[in-house]
Amino acid sequence: MAKNIKKSIVTRVRVAFLAICLFAVAIVAKVVHVQFFEGKKWAQLQKESRMIYLPVYATRGNVLSDNESIMATSLPFYRVAFDPTICDEKHFNKGIDSLALLLSRFYRDKSAEGYRRKIKNARLAKRRYIRIHSRQLNYQEKKMMASWPIFREGKNKGGVIFEKVDKRFRPFGTLAQRTIGRITEDKKGSGLEYTYNSYLAGKDGEALFERMAGGNKPIYNATDVKPLPGYDLKTTIDINLQDVAENALYKALVANNAQYGCVVLMEVKTGEIKAIANLGKAGEGVYVENYNYAVGNHGRTEPGSTFKLASMMALFEETNLTPSDTIDTGHGRQLIAGKAMGEATGGGYGKISVGQVFEKSSNVGTAKLIEQHFGTQPQKFVDYLHEFGLSKPLGFQMHGEAKPFIRTPADVSWSRTSLSRMSIGYGLKISPLQTLAFYNAVANNGIKVTPIIVKEIRKGSTVIESFDAQDFNPTRICSEETVKKLRVLMEGVVEHGTGKHVKSQYYKVAGKTGTSWKIKNGKYIKDYSTSFAGYFPADNPKYSCIVIIDTPKSGRIYGGDVAAPVFRELADKAYARDLSLHKPLATRVITDRQKLPPVKAGNQEELTLITNKLGISTHNKSEEEWVKADSQGHSLIWKSNKLMVGRVPDVAGMTLRDALFVLGNQGLKVQTEGKGRVQAQSLEPGTPIKKGSIITIKLS
Amino acid sequence: MTKVKGWLQDNLKGDPILWGIVIAFSLISILVVYSAIGTLAYRKGQGNTEFFLFKHTGLIVVGLIFMWFAHKINYRYYSRLSLIGLLLSVPLLLFAWKFGTTVNEASRWIVIPVIKQTFQPSDLAKLALITHLASMLSKRQLNIDNIKETIIPMLFWVGLICGLIALMNISTGLLLFLTCMLLMFIGRVPMKYIMMQILVGAIAGSLSLALGQRMNTAISRIENFMDKDETVFQLEQSYIAIATGDIFGKGPGKSDQRNFLPLPYSDFIYAIIIEEYGLIGGVLVVFLYLAFLYRGMVAVSRSYGAFGGLLSAGLSFSLVIQAMVNMGVAVGLGPITGLPLPLLSMGGTSLIFTGISIGIILSVSRSEAELAASSTKGNSPGNIKTNFSSKMVAHVSSN
């Protein structure tokens, strides 16, 4: 008996083994068949190399203002393509006529019959990919189109393909356009977009595509490399002040029919730039942000009288002079270092104090003082300029900062008149931003800080890198004694000197006007560059500011007349807005900013679009269509709320509309109680769905 | 040299040919997986392709270690262990179904807390079920056609485990069910009962399909396979790999199709083997599996008790059938299943369970060799046959 059992088992094993052997032979036979009978066909297919890896572009990071408003962002647009072979006969025949009609009405370039023929022909020819139209749709249009016949069957059953294209969008239009900058496809550009491209760009991914006539069709494959979205850039720009700066500058440029102008407003202690406007003439009465005059080489000019502050600083550092000491400025043109020099107003001021020299912006007075104390050792004066940090670029956070040009006595071009001319701001070149940083140092008690415009580089709300004035080695450039004297001088300019136009009854301003002749073909011509640089409130400086109006053509030529009103308008606004300058109510401002809308859950694309419109930054942690929101700091984070087939979805926090859509899609019957957003659901999320179950959702 | 041989004989017990086959598979696996995953790892930007080489090699070594330990244990203990394994795998499968980690839309994985390693309960369930089935069959050889005592308990476990697995992974569940039916056939269960079970299985299978997560995938895959006009993307790429591999192959590490085939290191590794090592490599791999099965089968004719033979047969058939199905898919003989190629594909903890399975097969062959040795020394050769029956009777009575 036992022997029989064993024999039977052994026989059966052998039968099974033989069956497996047969299958093995079949495998080898199939391999041989593929290699020898179909080999050419497949080898040919490989040669055509229909599979290619193409980059999947990463979403570019946002550029944000100081209060997280989005200044530049990437919005999704869509191109519609179609795989006409996917839809089944029933749906296709039923929907094609109305689809063609809708397409024709939408694009208005072909008749309904034209669209119908295009799609039908492609279907007959078994083409797997046609582009319906090259126009890019916005999200709303895409959503509408996705509800059309055939298209509404989706990608896998209807064959519609919406290809996402990101477009750069600036919610504030041209505001701070040049500062935000741009970048072209060949990586050329300007401004922050260009300077910080490596952070903003993110990392492109890669995905497998099949080449098809008319375009490339994505194949969803495990080997795809997902793109990494770019980092966000938080700037120091205050949208409101920026707006005021641009408007005031624009008005002044138009009124004076000037060539170009720029305004920079900087926070004294932190060095943060709150507004930076640059406008150049594009036509009669038309000005656009075409170049960053405040920062770049084209804005680098002979500063003229605003540079007298540097001369005074050197003077006070070197000597014991006080603003009340006197000097004879004579009565008209005088020989200084062997060359005649006159006052801008033509006449002379006689014997005046050092303070008045500065207030009246006396060329003769300034040059005489400098000649007296540095005439025998001009190198010492130049050394002071080096110490003040005027001969080197600031190391500003933007590509293309101008390099100052300052002669030294060792240069071949140095002449006997160089020192006196430099003392009044001629024979050297410096950019407006560099001048401002110098003025800011006086406001900041002699400590020079580097202006910053990029505050943080962030991944969502995680700070990757943050910048502070402290990071750029703030240095003391003059003694506090000198600062006191210089402040008296600058306040005098506004109180009873050339800068009377900026005087305000609410707060005190200190500053200096400037008017310099322009050079053309090596000769000074009757064109001027006018400027005003200063800070306010003078007793406790909060902001420093510079205004340049270049080549005004409407008769007025003095900084006090042309540039100062722009300064005044911006200062008024900044003062009025900055509650901390009145009384300490700053906390209320902050809570306002933190308030986020009650977004809890919903469709990711919709939520992103809404929040972008509201100027709230969002951060994706999920690629899912449905997400839950989580707030972190000032921004919202989307977390995955994946829908699984045959499982009860989690609709908590969704609006009724979204919840009905999601639940209905899963075949659930929905009963509702109350109004508002979903607070509770009767079926536990994630549990399997029984056909026709009823779910009750409570809203509140 | 003799020292090495002696050491090997002392430490690696059991069928030496089986050991040789497993080592050969391990080497091929390291080579092919490294080639298949290398460019992928590189493209994904991490740059260190060696990471996968070391990880995979390490897992293979761990598998071999488990195999070594498993082969040291007398296979009769597995009979008892199997019931514990089964009882354990039911809640684990349920847990994975409800809360498991999702890969490709199906939750199959459980993450083991402390070591953060993912693990598929179906691997454990498979091993336990086959062992237990072999044990049940051997114990009931004398009344094999009794429905109440033999067929029902077996059908209970087979149906329960395969059904639970099918909730998450239809092909694994189906394959395990068929392997069990084959094992029952070998274990002398009458054909009419097997047919009946297949019918019950078909009903239960479609039920769990409807309940589970993979219904749509299964339907579309079968539809794709049936559609003769159009070759699915994966298969097209696989054919290109096979066709361009030709007789001698493109050479190690020279595959082009690894860039386009999904999971070239797992589901479609056989296509990569043919592309790089040609028809010759492909035939060699098939031959190695058949040799493996043959050695596992030899244990049946040599065994002294039905349990050892059935256990060895069940485990080796289970492994080789899966291999055949995987290769069959890669060459287009069946619909896409997503089953890895045992002993060759890259895989985490499943390598450990494969190692344990082979360790058990080796343990069976080791015990027989030892028994044969002792019987030639002490007893007369005629005793062997009586031994067979007495062992079996002992088994039956011990129950």
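Brief remarks on what is shown
- Considering the conditions (1) at negative phi; (2) surrounded by fewer than 19 Cβ atoms within 10 Å (Cβ to Cβ); (3) touching a Ser or Thr at 6+ places or on another chain (Cβ under 9 Å), A:ILE464 is excluded by exactly one of them, (3).
- Candidate set: the range A:481-506, residues that are of a type in the set (A, V, I, L, M) and touching a residue at least 60 places away in the same chain (Cβ under 8 Å); chosen: the one farthest from A:LEU315 (Cα to Cα): A:VAL502
- Enumeration of residues in the range A:387-420 that are closer than 16 Å to A:PHE438 by Cα and touching a Gly at 6+ places or on another chain (Cβ under 8 Å): A:GLU401, A:ALA402
- Single unsatisfied condition, A:VAL509 versus (1) of a type in the set (Val, Ile, Thr); (2) under 23 Å from the mean Cα position of the chain (by Cα); (3) under 22 Å from A:ALA275 (Cα atoms): (2)
- A residue that is within 9 Å of chain A (Cβ to nearest Cβ) and aromatic (Phe, Trp, Tyr) occurs nowhere in the range B:295-316.
- Qualifying residue in the range A:47-60 (condition: at pLDDT below 90, in a helix (DSSP H, G or I) and surrounded by fewer than 19 Cβ atoms within 10 Å (Cβ to Cβ)): yes
- Taken together, B:PHE287, B:PHE292 contain a single residue that is surrounded by 24 or more Cβ atoms within 10 Å (Cβ to Cβ), within 11 Å of another protein chain (Cβ to nearest Cβ) and not in a loop (DSSP other than H, G, I, E, B), which is B:PHE292.
- Check on A:GLU141, in the same structural domain as A:THR85 (by TED's automatic domain parsing) and either more than 30 Å from A:VAL454 (Cβ to Cβ) or surrounded by 15 or more Cβ atoms within 10 Å (Cβ to Cβ) (or both): yes
The rows are residues; the columns are (1) more than 19 Å from A:THR498 (Cβ to Cβ); (2) surrounded by 14 or more Cβ atoms within 10 Å (Cβ to Cβ).
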| residue | (1), (2) |
| --- | --- |
| A:MET341 | no, yes |
| A:VAL354 | no, yes |
| A:SER362 | no, yes |
| A:LEU369 | no, yes |
| A:HIS373 | yes, yes |
| A:GLY395 | yes, no |
| A:PRO404 | yes, yes |
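- Criterion (modelled with pLDDT under 85, within 14 Å of chain A (Cβ to nearest Cβ) and surrounded by 19 or more Cβ atoms within 10 Å (Cβ to Cβ)) met by exactly one of B:LEU182, B:LEU167: B:LEU167
- Positions within the range A:17-48 being polar (S, T, N, Q) and more than 9 Å from chain B (Cβ to nearest Cβ), in sequence order: A:GLN44
- Residue in the range B:15-22 that is in the same structural domain as B:VAL61 (by the TED database), modelled with pLDDT of 80 or more and of a type in the set (Phe, Trp, Tyr) present: yes
- Only one of the numbered conditions (1) away from chain B (no Cβ under 14 Å); (2) within 30 Å of A:GLU456 (Cα to Cα) is not met by A:LEU101, and that is (2).
Conditions tested, residue by residue: (1) in contact (Cβ under 8 Å) with a residue 40 or more places away in the chain; (2) within 17 Å of A:LYS628 (Cβ to Cβ).
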position	(1), (2)
A:PRO649	no, yes
A:ALA652	yes, yes
A:ASN665	no, no
A:ALA680	no, yes
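- Flag if A:ALA72 is buried (at least 22 other Cβ atoms within 10 Å of the Cβ) and part of a helix (DSSP H, G or I): no
- Of all residues in the range A:116-133 being touching a Leu at 6+ places or on another chain (Cβ under 9 Å) and under 17 Å from A:ALA146 (Cα atoms), the one that is modelled with the highest pLDDT: A:ILE119
Listed here are the residues, each with its yes/no results for (1) free of Cβ contacts under 8 Å to residues at least 12 places away in the same chain; (2) of a type in the set (D, E, K, R).
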{"position": "A:ILE9", "(1), (2)": "yes, no"}
{"position": "A:VAL63", "(1), (2)": "no, no"}
{"position": "A:ASP66", "(1), (2)": "no, yes"}
{"position": "A:ASP109", "(1), (2)": "no, yes"}
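- Residue pairs meeting the criteria (Cβ under 9 Å; at least 6 apart or on separate chains; first over 15 Å from B:LEU288 (Cα atoms), in the range B:1-27; second among the aromatic types (Phe, Trp, Tyr)): B:LEU8/B:TRP19; B:ASN11/B:TRP68; B:LEU12/B:TRP19; B:LEU12/B:TRP68
- Check on A:GLY492, in contact with a His (Cβ under 8 Å, 6 or more places away or on another chain) and either surrounded by fewer than 21 Cβ atoms within 10 Å (Cβ to Cβ) or not assigned by TED's automatic domain parsing to the domain that holds A:TYR194 (or both): no
- The range A:648-700: number of residues that are outside any strand (DSSP E or B), charged (D, E, K, R) and surrounded by 18 or more Cβ atoms within 10 Å (Cβ to Cβ): 2
- Every residue from the range B:325-339 that is in a helix (DSSP H, G or I), crowded, with 22+ Cβ neighbours inside 10 Å and within 9 Å of another protein chain (Cβ to nearest Cβ): B:MET327, B:ALA330
- Some residue of the range A:475-486 being assigned by TED's automatic domain parsing to the domain that holds A:PRO432, within 35 Å of the chain's Cα centre (by Cα), in a strand (DSSP E or B) and not hydrophobic (A, V, I, L, M, F, W, C): yes
- Within the range B:251-272, the residues that satisfy the criterion of being facing chain A (nearest Cβ under 9 Å) and polar (S, T, N, Q) are B:GLN257, B:ASN259.
- As a summary of the residue check, B:MET154 satisfies the conditions (1) under 19 Å from B:ALA202 (Cβ atoms); (2) within 12 Å of another protein chain (Cβ to nearest Cβ) except for the one numbered (2).
- Among the candidates A:ASN4, A:ASN93, the residue that is more than 8 Å from every other protein chain (Cβ to nearest Cβ) and either outside any helix (DSSP H, G or I) or under 30 Å from A:TYR139 (Cα atoms) (or both) is uniquely A:ASN93.
The values are calculated or read from the model by the stated rules, or taken from the named source; none is laboratory data. Computed from a predicted model, the values in this text were never measured in an experiment. Because the Cβ atoms are built from the backbone with ideal geometry, glycine has one as well, and the counts that use them run over all protein chains shown.
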